[in-house]
Amino acid sequence: MFSNRKSGILLHLSSIPSPFGIGDFGKDAYRFVEKLLEANQTLWQILPLCPVDESGSPYQSTSAFAGEPLYISLDLLVQDDLLLLDEVEGVKHSISTHTNYKKARELKVPLLYKAFQNFQNKIMPTDYKDFLEKNKFWLEDYALFMAVKSNLVLQRKNDKKGQRAFLEETKELLSPQAGKVYYDCACWCSFPKDLRQRKPQALKEWATAMHDEIQWQYFLQYVFYKQWHQLKHFANESGVKIIGDTPIFVSYDSADVWANQNAFQLDGFGFPEVVAGVPPDYFSETGQLWGNPLYQWKFHEKTAFQWWISRIRKALEDVDFLRIDHFRGFESYWEIPFGAEDARSGKWMKGPGIKLFRKIEKVLGTLPLIAEDLGIITEAVQDLREKTGFPGMRILQFAFGNDMNHGYLPHSYDKNTVVYTGTHDNNTTIGWYQNATEKEKDHLRRYMNTTGESPNWDFIRLAFSSTAQIAIIPLQDVLGLGEEYRMNLPGTTQGNWSFVFQWDMWNEGCIEGLRYLSLLFGRNLG
């Protein structure tokens with residue numbers, strides 16, 4: 001997949017400094033690309049660009065195809081004559097040290113809507129019509145889904161009667177607490193019955209009634225993808241490739257599930273029969289209960305995996321390489337009964353295996369995918385990855401303390417590997433070292449023949465020097481940041497997805513260190 005040794009930085013869009021509460025596609029994103037070039041780095045890995053949930057997670061999204069509107073740059077809308085400079089300058093605040101999703105929505109959504117109104121008063125550009133046509137296979141369902149949810153949430157603010165009726169209808173299936181959450185957030189399972197079941201007449205009537213809101217959703221996605229592809233083009237032309245990320249599973253309350261109910265294991269009402277997660281592991285003694293609906297793989301196979309082909313095709317239009325999260329779920333996945341308190345009651349079930357990837361390859365050609373093969377990895381999972389030819393992942397933070405031939409220690413790697421000091425789910429390396437056992441610290445110091453005074457740079461050196469074809473470093477490790485700058489702690493819902501760096505954290509030593517190690521270990525040479 002990569003012709004020579006490469007390295008780069010893991011940083012999500014939301015973590016870029018911004019006066020609007022969240023990173024976006026504006027000038028600071030371009031400045032970040034320029035910083036990568038200064039440091040002689042040629043890869044930029046991001047998290048999923050899809051809409052985030054209330055906590056800011058991009059792994060529980062309303063769509064696997066849509067983009068998060070908060071990443072749209074208001075400054076670029078000024079350049080497009082859709083907003084006035086004074087309007088945008090008037091809402092700018094001092095750059096926050098953490099992503100503030102609530103503040104970002106309060107600042108940006110009113111101006112995004114004003115830009116939409118101005119857009120409607122202009123002659124529609126040709127590329128807008130082309131965008132709608134090219135993306136109609138997912139965009140029409142998504143726009144209607146979002147329009148209906150928005151409408152129903154407003155209607156239901158004080159609708160106790162409707163809530164009681166829904167609770168009565170679902171009392172055998174849901175707890176009252178869960179039923180209230182589903183109803184109040186207008187989960188698609190609480191849509192009017194004909195709409196929930198996607199009866200053609202209901203879809204037509206709601207699409208007519210929601211026309212203006214649907215057009216608003218079209219506009220947001222058009223601008224999102226226009227700005228993203230401009231940024232990606234700049235990065236590519238500068239010599240930087242983008243590594244994207246896509247979860248294996250999708251959120252239950254998503255346009256994906258509502259529009260493709262036969263593709264998931266749902267009951268007659270539309271609730272999941274079983275949900276996704278992982279058994280007890282390094283991150284949690286009770287496992288992780290993700291709650292995503294599981295795929296009806298027989299349906300996907302019967303339809304020649306068309307939904308998956310469309311999903312991967314769309315993703316690879318937006319990025320250069322794609323990390324597939326939880327790759328092991330394609331071999332076997334952890335199936336948990338819907339309504340379980342935690343993941344311990346789950347069981348392993350067989351996934352589609354190599355058939356899925358062979359079918360996608362037949363349509364799309366060679367797939368530039370990275371397999372996130374972490375967690376409980378069996379010989380069957382290893383065999384599947386080897387058959388696909390996808391590079392696997394190794395995490396240095398998992399390597400030390402026990403087995404002297406641990407598979408994550410660099411002397412155990414093969415070339416077809418992507419090595420990370422840590423991922424978005426790990427502590428920063430400084431934080432890891434501060435919390436590591438004495439045995440782990442001692443192992444690292446002896447392995448590297450260092451004092452452990454700069455464990456982040458020890459790890460970066462180790463990653464760059466390894467035989468792995470690709471080395472990716474979270475920006476927090478380059479900047480030497482502690483655990484308070486961690487991106488995500490799996491199994492928790494508060495305080496995640498909020499890391500933002502500051503430009504003054506980038507000193508010449510960071511840039512020179514990356515540049516020096518890249519040259520020393522033959523990375524990014526051409």
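Worth pointing out:
- Of the GluC sites (Glu not before Pro) found in region 34-101, the ones in coil according to DSSP and having at most 13 other Cβ atoms within 10 Å of their Cβ are E54.
- Taking the 1.4 Å solvent-accessible surface of the chain as the whole, the part contributed by carbon and sulfur is 50%.
- Of the residues E237, E335, ranked by 1.4 Å probe accessible area with the largest first, the sequence reads E237, E335.
- Using a cutoff of 8 angstrom between alpha carbon atoms and counting only pairs six or more residues apart, the relative contact order for region 450-526 works out to 26 percent.
- Relative contact order (%) - region 53-154, alpha-carbon pairs under 8 angstrom, separation at least six: 29 percent
- When each of K102/K157; K314/K350; K359/K387; K6/K241; K226/K359 is checked by Cα-Cα distance, pairs over 22 Å: K314/K350; K226/K359
- Coil-residue GluC sites (Glu not before Pro) of region 132-200, DSSP, other Cβ within 10 Å capped at 16: E172
- Accessible-area rank, largest first, for V419, V363: V363, V419, with all protein chains present and a 1.4 angstrom probe.
- Protection proxy ranking, peptides 152-164, 176-188, average beta carbon neighbours within 10 Å, highest first: 176-188, 152-164
- Between 0 and 90°, nearest 10: helix 306-318 axis offset from the chain longest Cα axis: 60 degrees
- Between the helical axis of 211-238 and the longest alpha-carbon principal axis of the chain there is an angle of about 20 degrees.
- Within region 108-139, trypsin sites (Lys or Arg not before Pro) in DSSP loop having at most 15 other beta-carbon neighbours inside 10 Å: K122
- Residues of type lysines that K160 reaches as a straight line, Cα spacing below 19 Å, ignoring anything fewer than 8 places off in the same chain: K149, K171, K180, K193
- Value of [θ]222 nm, deg cm²/dmol, for the chain, DSSP H segments ≥ 4, -39500 (n - 2.57) each, nearest 500: -13000 deg cm²/dmol
- Checking [x] 1.30; [y] 1.18; [z] 0.98 against Cα Rg over 2.2 N^0.38 Å calculated from these atoms, the matching label is [z].
- Helix 438-448 axis versus longest C-alpha principal axis of the chain: approximately 60°, rounded to the nearest ten.
- Relative contact order for region 87-208, counting Cα pairs under 8 Å that sit 6 or more residues apart, in percent: 18 percent
- Entry comment: accessible area of the chain is 43 Å² per residue, from protein heavy atoms only and a probe of 1.4 Å.
The values are calculated or read from the model by the stated rules, or taken from the named source; none is laboratory data. Quick caveat: nothing in here was measured; it's all calculated off a predicted structure. All Cβ positions, even for glycine, are placed from backbone atoms using ideal geometry, and neighbour counts span all protein chains on display. Accessible surface is based on the protein model in full, side chains and every heavy atom, while ligands, DNA and RNA are left aside. Shrake-Rupley method; radii C 1.70, N 1.55, O 1.52, S 1.80 Å.
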